[in-house]
1. Could you list Ile9, Ile28 so that the one with the fewest beta carbons within 10 Å of its beta carbon is first and the one with the most is last?
2. Quote to one decimal, in nm, the extra length available between Ala33 and Arg4 on full extension: 0.36 nm per residue of separation minus the C-alpha distance between them.
3. Just to verify a number: FRET efficiency for Leu23 and Lys61, C-beta to C-beta distance, R0 = 35 Å, to 0.05?
4. Using only helices, what value at 222 nm comes out for the chain when you add -39,500 (n - 2.57) per DSSP H run of length 4 or more and divide by the total residues, to the nearest 500 deg cm²/dmol?
Amino acid sequence: MNNRKTIGITLLVVGVILLIGSLAADAIGLGAAPGFGYRQIAGSVAGAVVAVFGFVYYSRK
């Protein structure tokens, strides 16, 4: 039971970090080109999906 919660929290945190990093890539100097590119979109979607999956995995009994 405890292992499930740990995995869920880990996925949630990794997803949120990926989402924030993708959204702020230009602001922190990681963006390859000015504007919101396809890599940022893909990273944002992937981060959101991982975060939601982690939340669902954590909250299920």
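Every number in this text was worked out from the coordinates using simple rules, so none of it is lab data. If you're wondering where the values come from, they're calculated on a predicted model, not measured in any experiment. Virtual Cβ from ideal backbone geometry, glycine too; neighbours counted across all protein chains shown.
1. Result, fewest neighbours first: Ile28, Ile9.
2. Contour length minus Cα-Cα distance gives 6.5 nm.
3. Values: r = 32 Å, r/R0 = 0.92.
It comes to 0.65.
4. On the way: 2 runs with 44 residues, N = 61.
Estimated from H runs of four or more residues: -25000 deg cm²/dmol.
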